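Asker: First, the structure itself, so that you have it in front of you.
The values are calculated or read from the model by the stated rules, or taken from the named source; none is laboratory data. Since the structure is predicted, the reported quantities are computational estimates derived from the model, not experimental observations. To get the accessible areas, we keep the full protein, side chains included, count just its heavy atoms, and leave off ligands, DNA and RNA. Shrake-Rupley method; radii C 1.70, N 1.55, O 1.52, S 1.80 Å.
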Amino acid sequence: MEKLYIIVPAYNEEENIEKLIDDWYPVIEKHNGNGESRLVVINDGSKDDTYKILKECAKTRPLLETLTKENSGHGPTLIYGYNYAIDHRADYIFQTDSDGQTLPEEFEEFWKERNRYDAVLGNRHDRKDGLSRKFVEDTLRFILKIVFGVSVPDANAPFRLMKRELLEKYIHKMPNDFNLPNVILTTYFVYYKEKVLFSKVTFRPRQGGKNSINVKKIIRIGWKALGDFRVLKKQMK
């Protein structure tokens, strides 16, 4: 049977984390055919009670794995989670975020496409998280077009289902502290013409708490990423 790992990074999400687990735990229960599927939530050095709540939730949910590490940021935490799933030989790896902006009921449409595509990536066609975030995404897509020559409808959606073999093929092409792993993974998949489907997903406003990534920080990350993109492009054949 197929082993699914759902990877969720979390930083200062005490207002959202229990609801996230309540929403996504039934998904992992449904797709736990071999008894080895897991919902993996990674606490990225939160300063609030996120990890305390996670540990409490895990007491009654055997398929929930709670990991904790020093704070390194969203991107490096994603890479950490992806490598964890790869090391545990997950057949499929799904990623979403902990802020409640995505809907677990939309997962099944992605799962249905797993045999036809090596990755099914979310396309946030109607974003509800503000015009500034949409502007950043549009700018990022423009940069990917200029640097890599790829056109994608959404580069960074935190709603993506990937076969382990595909992720394993590309994960080591970026450093472990890379800030935008989903962006470059999307780029690799399209650039190398992998079997990828972009599928529309709902993207709600943050459901609680405060986003730790503001526009100023996004611009700073993006400026650094531009240099990183150029380095990675030189390595591509």
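Asker: If the viscosity is 1.567 mPa s and the temperature 4 °C, what Stokes-Einstein diffusion coefficient in µm²/s follows for the stretch 1-78 when Rh is the Kirkwood radius over Cα pairs? Write out the running numbers ahead of the final one.
Answerer: Values: Rh = 12.6 Å.
Rounded, D is 103 µm²/s.
Asker: Take R204, R127 and sort them by solvent-accessible surface of the protein heavy atoms, 1.4 Å probe, largest at the top. All intermediate terms of the calculation are to be shown ahead of the outcome.
Answerer: Details: R204 65, R127 45 Å².
Sorted by accessible area, descending: R204, R127.
Asker: If you plug each phi of the stretch 45-55 into the Karplus form 6.51 cos²θ - 1.76 cosθ + 1.60 with θ = phi - 60°, what whole-Hz ³J(HN,Hα) values come out, in order, with x for Gly and Pro?
Answerer: x, 4, 9, 9, 9, 3, 5, 4, 5, 4, 5
Asker: Taking amide H atoms as placed 1.01 Å from N in the peptide plane, list the residues 5 or more away in sequence, or in a different chain, whose amide H sits under 5 Å from that of F198.
Answerer: Long-range HN contacts for F198: L121.
Asker: Relative contact order, percent, of the stretch 1-58 when contacts are C-alpha pairs under 8 Å separated by at least 6 residues?
Answerer: Details: 82 pairs, mean separation 29.7, N = 58.
Across the stretch 1-58, relative contact order equals 51 percent.
Asker: Between E70 and K30, what length in nm is gained on full extension when 0.36 nm per residue of separation is reduced by their alpha carbon distance?
Answerer: Length gained, E70 through K30: 11.2 nm.
Asker: A further question follows. Percent of Cα-Cα pairs per 5 Å bin, from 0 to the last occupied bin, for the stretch 148-205, please list those.
Answerer: 4, 16, 31, 26, 15, 6, 2
Asker: Still on this structure: Take every Cα-Cα pair in the chain and report what % of them are more than 24 Å apart. Write down the numbers at each step before the final one.
Answerer: Working: 11593 of 27966 pairs.
Tail fraction, whole percent: 41.
Asker: Same structure again: So if I average 1/r over every pair of distinct C-alpha atoms in the stretch 85-185 and take the inverse, what Kirkwood radius in Å does that give? Intermediate values should be presented prior to the final figure.
Answerer: Details: mean 1/r = 0.0673 Å⁻¹.
For the stretch 85-185, the Kirkwood estimate is 14.9 Å.
Asker: Under 10 Å, Cα contacts only: if you run a Gaussian network model on the chain, which one of P76, P181, P205 comes out with the highest mean-square fluctuation?
Answerer: Between P76, P181, P205, it is P205 that shows the largest mean-square fluctuation.
Asker: For D23, D126, give me the order by solvent-accessible area with a 1.4 Å probe, most accessible first, ignoring ligands, DNA and RNA.
Answerer: Values: D23 45, D126 75 Å².
Result, largest first: D126, D23.
Asker: Once amide H atoms are built 1.01 Å from N in the peptide plane, which residues 5 or more positions from T68, or in another chain, come under 5 Å H to H?
Answerer: Residues meeting the criterion, in which the H sits 1.01 Å from N, are N43.
Asker: Accessible area of L180, 1.4 Å probe, to the nearest 10 Å²?
Answerer: My reading of the accessible area for L180 is about 30 Å².
Asker: May I pose another question? So with the 1.4 Å probe, I'd like the accessible area per residue for the stretch 9-160, rounded to whole Å².
Answerer: Numbers: 6810 Å² over 152 residues.
With the other protein chains kept in place, the stretch 9-160 gives 45 Å² per residue.
Asker: Now, a different point. Which entries of K69/K163; K163/K234; K3/K112; K169/K195; K47/K224; K69/K169 have Cα-Cα distances beyond 18 Å here?
Answerer: Details: K69/K163 25 Å; K163/K234 26 Å; K3/K112 15 Å; K169/K195 13 Å; K47/K224 26 Å; K69/K169 25 Å.
Checking Cα-Cα distances, K69/K163; K163/K234; K47/K224; K69/K169 exceed 18 Å.
Asker: For E13, which sequence-distant residues (separation of 5 or more, or a different chain) have an amide H within less than 5 Å of its own amide H, given hydrogens modelled in the peptide plane?
Answerer: Placed amide hydrogens put T50 under 5 Å from E13.
Asker: Which whole-Hz couplings ³J(HN,Hα) result when phi for each residue of the stretch 190-196 is put into the Karplus expression 6.51 cos²θ - 1.76 cosθ + 1.60, θ = phi - 60°, listed in order with x for Gly and Pro?
Answerer: Per-residue couplings from phi come out as 6, 4, 8, 6, 6, 7, 10 Hz.
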